[in-house]
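What follows is calculated from the coordinates using simple rules that are stated; it is not laboratory data. Worth saying up front: this structure is predicted, and the values here are computed from it rather than measured. Cβ coordinates were reconstructed from backbone atoms using ideal geometry, including for glycine residues, and neighbour counts include every protein chain displayed.
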Amino acid sequence: MQSKLYDLLEITKPIVQAPMAGAAGPNLVAAVANAGGFGTIPLWGKSADHLHEGIRQVRQLTDRNFAVNLNMSFPYEDLLEACIEEKVCAVSLFWGNSVSAIKRAKAGGLVVLVSVGSAAEAREAVNAGADIIVAQGWEAGGHVWGRVSTMALVPSVVDAVGDVPVIAAGGIADGRGLAAAYMLGASAAWIGTRFLASEEATIHSYYQQRILDASEDQTAWTFDLYDGGWPAAPHRTLKNSTYADWVEAGSPAPGERPDEGKVTGFRPTGEEVKNYQSYTPLLGTEGDVEAMSMWSGQGVSLVHKIMPAADIVAEISDEAARLVG
């Protein structure tokens, strides 16, 4: 299945960069692609014009393939059509199976990656025509669809989809994790948290330092701590003062959380960032960055230094190759 994945995406390294909305811009996507991996640019939730521009920016930096990530809980039809117009290699679909989206993307000549949290979802996506399945375990950072661990999920999905390549996601941050994913039947690893410590990541320096300092038990999965702008959007983040205050208050529902709506800082554009807002602290963010939503997976304790993304791709893939012989 690894060779099939390599052929579909035209890659030479089994590393796929997770979308990482807010943290992954054109520089990171292109750096991963230029290193032989596969980059993914998150362009959902905005206009088709913004998507065209985002694709153009990536193409200025690489002639390698990459995917555009689309959220199925937001209007996506115009964005999908724009991907087809741009003749991108692939689309990465997440947060629900949309049979019509898969079929339209396939008809438009795109490779389709679908993120799933169960074997049943994987079968449904493959039956609709998905080319590649991303099996996202509960350990993953950011928004997490399922509640099954990577170790249990990946082999179940592999068994369910036959000869369709599976990419393992969740908790993988080094070559040992990639080698383990191979043993479970996956063809590659989907990596997000490790790339937060890349030179190309667009996050605030405080957030990046927290990633370097965190242990494996310093993340929390919550159902509705941070408001993501779409319903039922559970997520995993670093524990911080916002999380601690919310837990101390009894983990109340939205509308009843302590200091709800309080302004905690400002985006680089000057827009307010409010308490419990789903916002990735970017370079140039001002205010109480510690209280903001800092996405992270449980593999964070394996992240020790800031490196160029190309070096991360090489280190993980080379270590895995040595381990599996």
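Compute the Cα gyration tensor for the chain, then decide on rounded, prolate or oblate, letting a ≥ b ≥ c be the square roots of its eigenvalues: rounded whenever a/c is under 1.5, prolate when a/b is larger than b/c in the other cases, and oblate in all that remain. Because its axes are fairly even, with a/c under 1.5, the chain counts as rounded. Most simply put, the chain has about 30% antiparallel DSSP beta bridges, counting only bridges with both residues inside it.
Explain nothing, just the number: relative contact order of region 46-116, from Cα pairs under 8 Å at least 6 residues apart, as a whole percent.
31
Just round it to a whole percent: the fraction of Cα-Cα distances in region 8-54 exceeding 14 Å. Of the Cα pairs, 50 percent sit more than 14 Å apart. The helix-based estimate of mean residue ellipticity at 222 nm for the chain, built from -39,500 (n - 2.57) per DSSP H run of four or more residues and divided by its residue count, is -10500 deg cm²/dmol to the nearest 500.
Computed over the Cα atoms, what is the radius of gyration of region 36-158 divided by 2.2 N^0.38 Å, N being its residue count? With N residues counted in region 36-158, Rg over 2.2 N^0.38 Å equals 1.04.
Loop-resident GluC sites (Glu not before Pro) (DSSP state other than H, G, I, E or B) in region 210-263 with no more than 12 further Cβ atoms inside 10 Å of their Cβ: GLU256. Working value for region 123-181: equivalent-ellipsoid semi-axes of 19, 13, 10 Å, each the square root of 5 times a Cα gyration tensor eigenvalue, largest first. Taken over the chain, lysine pairs spaced eight or more positions apart, or on distinct chains, with alpha carbons under 16 Å apart number 4. Averaging the Cα positions of each part gives two centres, and for region 278-317 and region 58-75 these lie 20 Å apart.
Which trypsin sites (Lys or Arg not before Pro) from region 221-312 combine a DSSP loop assignment with at most 15 other Cβ atoms within 10 Å?
Values: sites: ARG236, LYS239, LYS262, LYS274, LYS305; in loops: LYS239, LYS262, LYS305.
Answer in residue order: LYS262, LYS305.
Coupling constants for region 260-276 follow from the phi torsions by the Karplus curve (6.51 cos²θ - 1.76 cosθ + 1.60, θ = phi - 60°), and in residue order they are 5, x, 5, 6, 9, x, 9, 5, x, 7, x, 5, 5, 10, 9, 4, 6 Hz; glycine and proline get x. Can you classify region 205-300 as rounded, prolate or oblate using the Cα gyration tensor, where a ≥ b ≥ c are the square roots of its eigenvalues, rounded means a/c under 1.5, and otherwise it's prolate if a/b beats b/c and oblate if not? Verdict is oblate for region 205-300.
Backbone amide hydrogens, once placed in the peptide plane, bring ASP227 within less than 5 Å of GLN277, SER278, excluding anything fewer than 5 places away on its chain.
In sequence order, region 193-204 has phi-based couplings of 4, 4, 6, 5, 9, 8, 5, 8, 4, 9, 8, 4 Hz under the Karplus curve 6.51 cos²θ - 1.76 cosθ + 1.60, θ = phi - 60°, and Gly or Pro positions carry x.
Beyond 13 Å, what percent of the Cα pairs of region 52-93 remain?
51
Between 0 and 90 degrees, the angle of helix 119-128 with respect to the longest Cα principal axis of the chain falls at about 60 degrees. Residues in region 245-259 carry Karplus couplings, in order, of 5, 5, 5, 4, 7, x, 6, x, 6, x, x, 10, 7, x, 6 Hz; the curve used is 6.51 cos²θ - 1.76 cosθ + 1.60 with θ = phi - 60°, and Gly or Pro positions show x.
Output the relative contact order of the chain, whole-number percent, from Cα pairs under 8 angstrom with separation of 6+ residues.
Relative contact order comes out at 18 percent.
For GLY25, the residues whose amide H sits under 5 Å from its own are THR202, ignoring neighbours fewer than 5 places away on the same chain, with H placed 1.01 Å from N. Under 5 Å from the amide H of VAL134 lie the amide H atoms of VAL114, SER115, VAL116, ILE167, each residue being 5 or more positions distant or on a separate chain, with H modelled from the backbone and absent for Pro and chain starts.
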